[in-house]
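The values are calculated or read from the model by the stated rules, or taken from the named source; none is laboratory data. What you see is a predicted model; the values in this text were computed from it and never measured. Glycine gets a Cβ as well: all are built from the backbone with ideal geometry, and neighbour counts include every protein chain shown. Heads up: the accessible areas ignore ligands, DNA and RNA and are worked out on the full protein's heavy atoms, side chains in. Shrake-Rupley method; radii C 1.70, N 1.55, O 1.52, S 1.80 Å.
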Amino acid sequence: RRILTERQRLRVEVERRTEQIQKDKAIIEQQAEELQKLDAAKSQFFANISHELRTPLTIILGMMDQIEKQPKNWLKAGAKMIRNNGRNLLDLINQILDLQKLESGTLQINPQFDDIIPFLRSIFDQFQALAISKDMKMTFNTELETLQMDYDSEKMLRIVSNMLSNAIKYTRENGQVTFTISKGIKTEVAPKPCLILTIRDTGRGILEAELPYVFDRFFRATTQEKVSSSGTGIGLALTKELVKLFQGEIEGLSELGSGSSFIVYLPITQQAPRAQSKDALAIPATI
Ligand code: ADP
């Protein structure tokens, strides 16, 4: 009788442990799968980044050769290309560093009180000049001729540049990009008036199922022609973090095949020190 009881006890124990092992195994398998996904996302990111770095570096080195061989013919145009490509490289690295600083909460902000409308118009004008080669119709609409408010010009440039360059990048020739500035109240953001920036394009749009992920780090839609469109999936993640830093909100609307709109709401505050003369800020040199 005692032996039987001992056997029973053992069987129960074996069953209990087997069950535990199966549970642990399931957990380990799930963790392995998640790690694999993360690993795949990282490899993809490194592949994208390498591509983003290689193109400008190839141009820079190729231009250096040309300048050495035929300085007379190439010095002026070559120097400009080298500067532009160098600037783009620096810009990419700065975006990665900013994203990291935002995540650790150490990104400094420097708001100043000034008229934001001419500032936004000057960013738009620089993009319009760049987009000329793509034969695009670019329109700037504003319901306000002037708006004195606090803003950090460097961060604002980053927000608007990312949205405008995406709109241009993901829209074919002869498409349309519209930048609209208005003022309104969005109670989810603040009970006070907000500056509303809307950038609308008639580009290829985003799949409905993928739209919620476009603000995720390293996310790139599956619908794009991977080879022809370069990118890292950092731009919108950084844009969203910056908008949050200013207590604002960003939303994206899109229909596959007909276009996308990105809308930023920024609460208007008027407390920062008045702007001193500002250095002109330059947008990234390619789209
Ligand atoms: P990147 O452009 O470097 O890939 P972003 O973070 O700026 O990264 O954008 C993430 C993804 O969202 C893009 O890869 C693209 O698939 C999609 N996307 C963003 N803006 C647009 C747009 N205006 N039209 C179509 N797709 C867009």
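Just to be sure I follow: if Rg is taken over the C-alpha atoms of segment 133-274 and Rh is the Kirkwood radius over the same atoms, what is Rg/Rh? Write out the running numbers ahead of the final one.
Working: Rg = 15.4 Å, Rh = 15.8 Å.
Using only Cα positions, Rg/Rh for segment 133-274 is 0.97.
May I ask you to give the solvent-accessible area per residue for segment 60-144, in square angstrom, as obtained with a 1.4 angstrom probe?
Ligands and nucleic acids excluded, the figure is 63 Å² per residue.
Would you grab the residues whose amide H sits under 5 Å from the one on residue 112? Only those 5+ places off in sequence or on another chain, please, with H modelled 1.01 Å from N.
Hits under the 5 Å cutoff: 151, 152, 153.
Could you compute how much accessible surface residue 80 exposes when probed at 1.4 Å, giving the result in Å² to the nearest 10?
130
For helix 71-103, what angle does its Cα long axis make with the longest principal axis of the chain, in degrees from 0 to 90 and rounded to 10?
Taking the Cα atoms of the chain, the angle to 71-103 is about 40 degrees.
Output the 0 to 90 degree angle, nearest 10, between the alpha-carbon long axis of helix 153-169 and the longest principal axis computed from the alpha carbons of the chain.
80
Could you name the aspartates and glutamates whose alpha carbon sits less than 19 Å from that of residue 186, not counting residues in the same chain fewer than 8 places away?
Result set, ordered by chain and number: 143, 150, 241, 249, 251.
Give the angle, between 0 and 90 degrees and rounded to the nearest 10, that separates the Cα long axis of helix 2-69 from the longest principal axis of the Cα atoms of the chain.
20
Just want to confirm a number: the relative contact order over segment 133-267, from Cα pairs under 8 angstrom separated by 6+ residues, in percent.
Normalised by residue count, the contact order of segment 133-267 is 27 percent.
Per DSSP H run of at least 4 residues, take -39500 (n - 2.57); add these up for the chain, divide by its residues and hand me the 222 nm value, nearest 500 deg cm²/dmol.
So the calculated ellipticity at 222 nm is -18000 deg cm²/dmol.
Starting from the amide H of residue 183, placed 1.01 Å from N in the peptide plane, find each other amide H under 5 Å away whose residue is 5 or more places distant or on another chain.
Residues meeting the criterion, in which the H sits 1.01 Å from N, are 196.
Which one of 202, 239, 55 has the biggest mean-square fluctuation once the chain is modelled by GNM with Cα springs under 10 Å?
Highest fluctuation of the listed residues: 55.
Mind giving me the FRET efficiency for residue 75 and residue 282? R0 is 30 Å, r the Cβ-Cβ distance, nearest 0.05 is fine.
Once the sixth-power term is evaluated, E becomes 0.90.
Got a number for carbon plus sulfur as a percent of the chain's accessible area, 1.4 Å probe?
54
Report the Cα-based extents of the chain along its three principal axes, largest first, to the nearest Å.
100, 60, 39
With every protein chain left in place and a probe of 1.4 Å, what is the accessible surface of residue 200, to the nearest 10 Å²?
130
For residue 253, what charge total do you get from the other residues with a beta carbon under 12 Å from its beta carbon, if Lys and Arg give +1 and Asp and Glu give -1?
Neighbour charge sum, excluding residue 253 itself: -3.
Under a plain spin-label model, where a point goes 7 Å from the Cα along Cα-to-Cβ, how far apart in nm are residue 19 and residue 44?
3.9
Using the Cα atoms of segment 1-110, I'd like the radius of gyration and the largest Cα-Cα distance, Dmax, both in angstrom.
Cα-based Rg and Dmax for segment 1-110 come out at 30.1, 105 Å.
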